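**Q** After the structure tokens below, expect a handful of questions from me.
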């Protein structure tokens, strides 16, 4: 077939010329076939490219969940916990006075060292997160102030001066009013980033799916057109292209669905449990600190209602941990469903997750019982009997608290493992998808061009 | 008909009798406790203004009952129990505090309580010490939780309507505590532009509210918290009563009491209004405590606990009696 010659007398632009040629070729069957072949190839390549790009994006987001934001969120939780733990250890050591056990002192020093080290690490990883940066700066500024106050408290206490107790209460106030809220805000910021990475990793790759459906539809239409014109049922090239396209689309849907399921599991059973367990651990640490400060302050600070401020704070903390019992009947048995341990128990799965929590609840109940005995002794004027019930080695509230802390630590380790394995499963589902999609799409495009080429050759 | 009416009247009378009996038998503690607590808070706020509007009938709240060693029901109650229950402070250095090293309570107030225990029970160690917060002093006496309160408690006209006081055992007054070399010299214009710390709800706070001398005021939960703020450089001076200020000065050699006390407050041992025999007994103990001039137990305790920081006291306050 001959091409119509452009009029040599008029000057035309190259674009105009190309458009005219396309128009002209569209009027002939081989020309139409060429256009169809080009469009099919372009659609398949575009599908492959969009799929590779979006899948790589999601894989990067799920990598960020596992390798970056979750560890940072866990580190922030550790900063939060080690600060609360330091405060509890400082109060406990203070109560023991000159006979401060070496283990308590070491625990305090380890907590402060860990918090400082993790703050440096967090500072190096907070690029662009303004909220986190501010909290880290505040924590870095306030931590030395706090440790200074604790040392003043210790020095005065060793001199036998009640001023030491006032310093310790002041240090405790700085911890509760400045440091812990900042550590909590940092934890929230890091956990918020984890949530963002989850959302990025779990969002459906709509552009890739749309491109796939479009490419598949175009292939179907081309084959139907072919069948109508030639009465031939199969064009092998187009068929191969369709198969490649369908495989990529199916792989994309199942791969992403599996990844999403894995990540959702890791969130539901890992990240969410970790959050509640961290809160529970902080609540138990603060209740323990309050318990010690009640004996240090000895009625020096009262609530507006005239009750001891630290004893009421202990009760509030215990209420958050296991739920407040009815007024005169001591709470016992299972924790309230909306309390931290109640929620953690509901989220825990498997014996590995549930067992430490069951034990923790039992030990909290024992702690509460021993606390009541210690308070009764102190309120009855028997400070010297109350003290060993709180800081003694055996049968003390301190012993119960240590067990609770250890069990919550075990539950946290278990949930961390659950999180990791579910997230790794999810991540694994996306392995090879980006590269596979690209290769298959290119092969499909080549097959489509070959299929159209076969038809074209019939016109020569 | 008349029989039935009579029966009805009898039933009504029986019901009235039963109710009266029930009222008489019911322990009055619950409503009383609630009432007295409300009364205590009202009294506490009234006490702060007592200097302004003392009732006409109360001119000499420090006057107490004459001493006697005769056993009445209250002394008998303590003897039967075998222990004296005393409400004390455990945070006031040199008055009533628990030494963190020995875990023993000690101080001027504690010595006084032991002297009462020795007189009544023959043994200074037969005491149960309860830590009673400031705002629980009157309720604890009214509820019978403690026999006596020896806790730097000021005698005033509002309180003598709720509790009975012994004769005054110490005279103190609001005073300024400042670092050595500070330009603050007294409760006067040297406070201008300075930051002053005082305990929330204390006499110091109400004095500063009526005349601040140009100072800004920081209030804290406990008077000892003021010394922490002073050491940290957050405030320039502390206002509290001289007795507690002496306890603060004893903990920090670089601060001192400056100027004269600008109020007068007498401390007394507080007891339940009904325990008149105990009041007389405690006054008898105080008579012995004051007797002996420079070697009296009072002067010995003063020298032991207070003389280093609260100088210039040569004798205990003179007792006053109203009967």
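**Q** What percent does the relative contact order of the stretch A:66-203 come to when contacts are Cα pairs within less than 8 Å and at least six residues apart?
**A** This gives 34 percent for the stretch A:66-203.
**Q** Also, I was wondering about something else. Given the alpha-carbon gyration tensor of the stretch B:69-120, what are the semi-axes of its equivalent ellipsoid in whole angstrom, ordered largest first, with each equal to the square root of 5 times an eigenvalue?
**A** Those come to 26, 10, 8 Å.
**Q** Continuing with the same structure: More than 16 angstrom separation, counting every C-alpha pair in the stretch B:174-258; what % is that?
**A** Value for the stretch B:174-258 (Cα pairs over 16 Å): 41 percent.
**Q** Now for a separate question. Take every residue in peptide B:97-108, count the Cβ atoms of other chains within 10 Å of its Cβ, and give the average of those counts.
**A** Averaged over the peptide's residues, the number is 4.
**Q** When the Kirkwood radius is taken over all Cα pairs of the stretch A:267-403, what Stokes-Einstein diffusion coefficient follows at 10 °C and 1.306 mPa s, in µm²/s?
**A** 102 µm²/s
**Q** I'd like the distance between the alpha-carbon centres of the stretch B:202-233 and the stretch B:98-149, rounded to an integer number of Å.
**A** Measuring centre to centre over Cα atoms gives 28 Å.
**Q** In addition: I want to verify the translational diffusion coefficient of the stretch A:66-203 in µm²/s; compute it with Stokes-Einstein, Rh as the Kirkwood radius over Cα pairs, at 4 °C and 1.567 mPa s.
**A** 82 µm²/s
**Q** I've got another one for you. Using the per-residue mean of other Cβ atoms lying within 10 Å as a proxy for protection, in what order, highest first, do the peptides A:338-348, A:76-86 fall?
**A** Highest mean packing first, the order is A:76-86, A:338-348.
**Q** How large is the direction-averaged shadow of the alpha-carbon convex hull of the stretch A:343-457, in nm²?
**A** 11.4 nm²
**Q** For a quick protection proxy, order the peptides A:15-23, A:287-295 by their average other-Cβ count within 10 Å, most packed first.
**A** Result, highest mean first: A:287-295, A:15-23.
**Q** A follow-up question, please. What does the highest-first list of B:224-232, B:237-245, B:192-200 look like by mean Cβ count within 10 Å?
**A** Highest-to-lowest ranking by the protection proxy: B:237-245, B:224-232, B:192-200.
**Q** Evaluate the distance, in nm, between pseudo-label points positioned 7 Å from the Cα of residue A:366 and of residue B:307 along their respective Cα→Cβ axes.
**A** Label at residue A:366, label at residue B:307, 5.5 nm between them.
**Q** With the alpha-carbon atoms as the only input, what is the per residue convex hull volume for the stretch A:380-432 in Å³?
**A** Taking only Cα atoms, the stretch A:380-432 has a hull volume of 73 Å³ per residue.
**Q** What list of whole percents do you get for P(r) of the stretch A:252-309, with Cα-Cα distances grouped in 5 Å bins up to the one holding the largest distance?
**A** Reading the bins upward from 0: 4, 16, 12, 12, 10, 8, 8, 7, 7, 5, 5, 4, 3, 0.
**Q** Which semi-axis lengths, in whole Å and largest first, follow from the square roots of five times the eigenvalues of the Cα gyration tensor of the stretch A:241-285?
**A** In descending order the semi-axes read 42, 5, 4 Å.
**Q** Round to a whole angstrom and tell me the spacing of the C-alpha centers of the stretch A:287-323 and the stretch A:344-420.
**A** One Cα centre to the other: 17 Å.
**Q** What does the helix-only formula give at 222 nm for chain A: each DSSP H stretch with n ≥ 4 adding -39500 (n - 2.57), the total divided by the residues, and the result rounded to the nearest 500 deg cm²/dmol?
**A** Helix-only estimate at 222 nm: -27500 deg cm²/dmol.
**Q** What is the pair-distance distribution P(r) of the stretch A:144-296, computed from all Cα-Cα distances in 5 Å bins starting at 0, with each bin given as a whole percent?
**A** For the stretch A:144-296, the pair-distance distribution reads 2, 7, 10, 11, 9, 7, 7, 6, 6, 5, 5, 5, 4, 4, 3, 3, 2, 2, 1, 1, 0, 0.
**Q** On to the next question. Just the Cα atoms of the stretch B:78-159: what Rg and Dmax do they give in Å?
**A** For the stretch B:78-159, the Cα-based Rg and Dmax read 12.6, 40 Å.
**Q** Any chance you could give the angle, 0 to 90 degrees and rounded to 10, that helix A:272-297 forms with the longest Cα principal axis of chain A?
**A** 20 degrees
**Q** Any chance you could give the angle, 0 to 90 degrees and rounded to 10, that helix A:397-428 forms with the longest Cα principal axis of chain A?
**A** 0 degrees
**Q** Divide the volume of the convex hull of the Cα atoms of the stretch B:227-323 by its number of residues and quote the answer in cubic angstrom per residue.
**A** It is 137 Å³ per residue.
**Q** Now, a different point. When each pair of different Cα atoms in chain A is counted once in the 1/r mean, what is the Kirkwood radius in angstroms, to one decimal?
**A** Radius from the Kirkwood sum: 26.9 Å.
**Q** Further question: What residues from the stretch A:51-79 fall in the zone where the backbone N is under 16 Å from a label point 7 Å along the Cα-to-C-beta line of residue A:124?
**A** A:68-69, A:71-73, A:75-76
**Q** Mind checking the mean number of beta-carbon atoms from other chains within 10 Å of the Cβ atoms in B:110-120?
**A** 0
**Q** Let me ask something else. For the protein assembly as shown, take N as its residue count and report Rg(C-alpha) divided by 2.2 N^0.38 Å.
**A** Rg over 2.2 N^0.38 Å, computed on Cα atoms: 1.48.
**Q** State, as an integer percentage, the relative contact order of the stretch B:199-323 based on alpha-carbon contacts under 8 Å between residues 6 or more apart.
**A** 19 percent
**Q** Viscosity 0.890 mPa s, temperature 25 °C: what is the translational diffusion coefficient of the stretch A:181-261 from Stokes-Einstein with a Kirkwood Rh over Cα pairs, rounded to a whole number of µm²/s?
**A** Rounded, D is 155 µm²/s.
**Q** Based on the Cα coordinates of the stretch A:1-148, what is the per residue volume of their convex hull in Å³?
**A** It comes to 153 Å³ per residue, whole-number rounded.
**Q** In peptide B:131-141, what is the residue-averaged number of other protein chain Cβ atoms found within 10 Å of each Cβ?
**A** Average neighbour count from other chains, rounded to a whole number: 3.
**Q** If you line up the long axis of helix A:433-457 against the longest principal axis of chain A, both from Cα atoms, how many degrees apart are they, to the nearest 10?
**A** Around 10 degrees separate the two axes.
Here, each number is a calculation from the coordinates, and none is a lab measurement. Please read all numbers here as calculations on a predicted model, not as lab measurements. For neighbour counting, all protein chains shown are included, and Cβ atoms are generated from backbone atoms with ideal geometry for every residue, glycine included.
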